[in-house]
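These notes are about the structure you will find just below.
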Amino acid sequence: MAQPSDSSSSSARPLAGQHAIVTGGSRGIGAAIADELARLGADLTLIGRSADTLEQAAGDIHHRHQVAVTPVVADVTDEAAIVAAFESIRERVQQPEILINNAGGATSAPFARLEREQWDTAITLNLTSAYLCTQQIVPAMLDAGYGRIVNIASTAGLTGYRYVAAYCAAKHGLVGLTRALALELARKGITVNAVCPGFTETDMLDQSVQNIVEKTGRSADQARAELAAGNPQGRLIQPQEVAATVGWLCLPTAAAINGQAVSVDGGEVL
């Protein structure tokens, strides 16, 4: 498929005619990203582990934006499942133009008590999954001479945080993968960028709050205030703010933005 024409970028739905794949696309930041890409006109494939949650998200997005949305159940940490998922996508879609590697998660533990299984899980979920999905789609993007890859990292990919060493290591790795691949593909019409949210109102943040409550005895409100205090704006990031940044990076007009790790954090990491 040829690169989208410049005329499409000036329309109300600049991604019309394109297809986006979003991993972890049924909840939190992933669901917000999927909704934003649909608002911009893209058809979607949502990949996740829960059929019920995926079906609900797909139905809601289709109802709001009248684009095609297909749920695909797959565990992004399972290589065979990812290969099968992308084979099923290729049977339906001639050329997906956009890949959003959003699936991820974190658990916390002091480093001295960080078990090897926790380490391996964090690396596989937050880094290896992006490698697996990206490797499935790059050959087709190379053939088309066009593509947008956005990796959802974290401010933990740009700085350190206590008690989440494995998560920080994985997200730093994801930023490194982004930069290396961006250079490799820079002359092929394909951009690769990372978006690095600060603490964001999601289920994962709720888990962080619960961990703080259990380990410190603080109230949930106190825990939330503590997390928000790290943001110079004194607030938590909203999923829609992350989604808007991703949507911009996916536009045909964002062709010069490549290899960047864009912080969405109110100025926390400068």
- [ ] Might you let me know whether segment 160-167 holds any residue that is under 15 Å from LEU46 (Cβ atoms), in the same structural domain as LEU181 (by TED's automatic domain parsing) and either buried (at least 16 other Cβ atoms within 10 Å of the Cβ) or not hydroxyl-bearing (Ser, Thr, Tyr) (or both)?
- [x] no
Open item on the list: For segment 1-22: of the residues being under 18 Å from ALA140 (Cα atoms) and polar (S, T, N, Q), which is modelled with the highest pLDDT?
Closed with: GLN18
TODO: Could you name every one of the helices (runs of 4 or more DSSP H) located completely within segment 39-133 that has at least 3 residues being over 23 Å from HIS19 (Cβ atoms)?
DONE: 116-123
- [ ] Name the residue, out of GLY25, GLY30, that is assigned to a loop (DSSP other than H, G, I, E, B), buried (at least 24 other Cβ atoms within 10 Å of the Cβ) and at pLDDT 95 or above.
- [x] GLY25
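Go through segment 225-251 and give me each residue that's more than 19 Å from the chain's Cα centre (by Cα) and either modelled with pLDDT of 90 or more or of a type in the set (A, V, I, L, M, F, W, C) (or both).
Step one: filter segment 225-251 for residues more than 19 Å from the chain's Cα centre (by Cα), giving 225-235.
Passing the criteria: ALA225, LEU227, ALA228, ALA229, GLY230, ASN231, PRO232, GLN233, GLY234, ARG235.
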Open item on the list: Can you tell me which of (1) buried (at least 24 other Cβ atoms within 10 Å of the Cβ); (2) touching an Asp or Glu at 6+ places or on another chain (Cβ under 8 Å); (3) hydrophobic (A, V, I, L, M, F, W, C) is the one ALA144 doesn't meet?
Closed with: (1)
Open item on the list: Restricting to segment 161-190, name every residue that is part of a helix (DSSP H, G or I) and among the charged types (D, E, K, R).
Closed with: LYS171, ARG179, GLU184
Task: Top-ranked residue in segment 39-95 [being of a type in the set (Ser, Thr, Tyr) and in contact with a helix residue (DSSP H, G or I) (Cβ under 6 Å, 6 or more places away or on another chain); ranked as nearest to LEU127 (Cα to Cα)] - done: THR77
- [ ] Return the pairs, sorted by first residue and then second, in which the second residue is among the basic types (Lys, Arg) and not in a helix (DSSP H, G or I), the first residue lies in segment 203-215 and is closer than 20 Å to GLY30 by Cβ, the beta carbons are less than 7 Å apart, and the residues are 6+ apart or on different chains.
- [x] ASP203/ARG27
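Of the residues ALA80, ALA58, ALA84, only one is at pLDDT 95 or above, under 18 Å from the mean Cα position of the chain (by Cα) and closer than 22 Å to GLY104 by Cα; which?
ALA58
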Task: Residues of segment 165-207 that turn out to be basic (Lys, Arg) and within 18 Å of the chain's Cα centre (by Cα), as a count - done: 2
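The values are calculated or read from the model by the stated rules, or taken from the named source; none is laboratory data. Given the structure is predicted, the values throughout are model-derived calculations rather than measurements. When we count neighbours, we look across all protein chains shown, and the Cβ atoms used for this are built from the backbone with ideal geometry, even at glycine.
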